[in-house]
1. As an exercise: evaluate Asp201 against (1) within 21 Å of Thr276 (Cα to Cα); (2) among the acidic types (Asp, Glu); (3) outside any loop (DSSP other than H, G, I, E, B) and give the number of the one condition it does not meet.
2. Of the residues Ser181, Ser197, Ser187, only one is over 25 Å from Leu284 (Cβ atoms), in contact with a Leu (Cβ under 9 Å, 6 or more places away or on another chain) and among the small types (Gly, Ala, Ser); which?
3. Going by the conditions given, is Val29 of a type in the set (Val, Ile, Thr), in contact with a Lys or Arg (Cβ under 8 Å, 6 or more places away or on another chain) and either in the same structural domain as Leu306 (by the TED database) or more than 22 Å from Ile126 (Cβ to Cβ) (or both)?
4. Hey, among Thr219, Thr299, which residue is part of a helix (DSSP H, G or I) and surrounded by 15 or more Cβ atoms within 10 Å (Cβ to Cβ)?
5. Applying the selection to the range 259-273, what residues are of a type in the set (Gly, Ala, Ser) and either in contact with a Ser or Thr (Cβ under 6 Å, 6 or more places away or on another chain) or exposed (fewer than 11 other Cβ atoms within 10 Å of the Cβ) (or both)?
6. Of the conditions (1) in contact with a Lys or Arg (Cβ under 8 Å, 6 or more places away or on another chain); (2) open to solvent by 10 Å² or more (accessible area, probe 1.4 Å); (3) assigned to a helix (DSSP H, G or I), Val140 fails just one. Which one is it?
7. Inspect all residues belonging to the range 125-133 and state whether any of them is out of contact with any helix residue (DSSP H, G or I) (no Cβ under 9 Å at 6 or more places or on another chain) and modelled with pLDDT under 95.
Amino acid sequence: MILYHLIALTFACIIDKVIGDPPNWPHPVRWMGALIHKLEQVLNKGRYRKLKGIIMLFIVLMAAGGITFLIIWLFYEIHPIAGILAEGILIFTAIAQKSLKDAALEVYEPLAAGDMEEARLKLSYIVGRDTDRLDEPGIVRAAVETVAENTSDGITAPLFWAMIGGAPMALIYRAINTCDSMVGHRSERYIDFGWASARVDDIANWIPSRLTSVCIMLTQKPEHSPYGKAWGILLRDAPKHPSPNSGWGEAAVAALLGVQLGGINFYKGVISNRATMGMPMVLLEKEHIIKSISIMNKTVFLFLLLLWTGGMFLELAFTWI
């Protein structure tokens, strides 16, 4: 089955490269979001909110995994090729390589044309921070951070889980990630109810984020430092991030480009001072957005090779056993 999963996830990447996420597509993540919103409204009140958050997470994961498993089982009953094609289409809905590239380019293009207001507006669609007063380096930093962080969350992590358990695990991962995005905050409303979603998301991303950072570091020679120093920057800075996983992609990209990410952001006018990633060997400029996209594309290719290597090793090991 691992071989089938590998073929399916590769097919998914090809579909994503060609068509991305078409508007008005009946996307499973939208259905997950609607279910999470409904359950949150019903359960996130009164006592035992942490327990209720666990119940919410369990229901969402069972729905995502159960429905996907049933679909895949039915198609594999028809024929293995039908099963692989169905898996590929479902895994495709869990990844967002083309969407991430397009979103970053929508920030880069007005920036390259000198239209700062349009660049700020496009950036506001993909980040939570205040963008209305950002200068060019601030806009570039936000875009590069988004590409670096979401290379794992939006592409390699679902592919990793797809190799382990096919489309059902890819959609379960996407459900975990969606729960965390919607309720896994430290605000008064969600600190208890979203506790389980945040913790499970940390666990689900622990291995993929670190494997992704290794692939990022192997995509190209660091632009402004020797390899040893770049690896040192990664290992020094990645653990500084508030998230146990998000810092690995950001620190790796910062080390390769010789720039500094992180620092001060504003959210609805409230200052947030995050740890910095990397060293400011050069100032951030708009071309770093293009470079981050290139790193993302090469990282995904290397990650696919890694999955194929590891997956075939496991397939042979299971055959020998």
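The values are calculated or read from the model by the stated rules, or taken from the named source; none is laboratory data. From a predicted model like this one, the values you see are computed outputs, not experimental measurements. A quick note on method: Cβ atoms are made from the backbone with ideal geometry, for glycine too, and the neighbour counts reach across all protein chains shown. Remember, those area values only see protein heavy atoms, side chains included, never the ligands or the DNA or RNA. Shrake-Rupley method; radii C 1.70, N 1.55, O 1.52, S 1.80 Å.
1. Result: Asp201 fails condition (1) only.
2. Numbers: Ser181 fails: in contact with a Leu (Cβ under 9 Å, 6 or more places away or on another chain); Ser187 fails: in contact with a Leu (Cβ under 9 Å, 6 or more places away or on another chain).
So the residue among Ser181, Ser197, Ser187 that is over 25 Å from Leu284 (Cβ atoms), in contact with a Leu (Cβ under 9 Å, 6 or more places away or on another chain) and among the small types (Gly, Ala, Ser) is Ser197.
3. Criteria not met by Val29.
4. Values: Thr219 fails: part of a helix (DSSP H, G or I).
Criteria check complete, one pass: Thr299.
5. Those that are of a type in the set (Gly, Ala, Ser) and either in contact with a Ser or Thr (Cβ under 6 Å, 6 or more places away or on another chain) or exposed (fewer than 11 other Cβ atoms within 10 Å of the Cβ) (or both): Gly262, Gly263, Gly269.
6. Going through the list (1) in contact with a Lys or Arg (Cβ under 8 Å, 6 or more places away or on another chain); (2) open to solvent by 10 Å² or more (accessible area, probe 1.4 Å); (3) assigned to a helix (DSSP H, G or I), Val140 breaks only (2).
7. Residues of the range 125-133 that are out of contact with any helix residue (DSSP H, G or I) (no Cβ under 9 Å at 6 or more places or on another chain), as a first pass: 128.
The next check asks that each one be modelled with pLDDT under 95; those that pass are 128.
Yes, because at least one residue in the range 125-133 is out of contact with any helix residue (DSSP H, G or I) (no Cβ under 9 Å at 6 or more places or on another chain) and modelled with pLDDT under 95.
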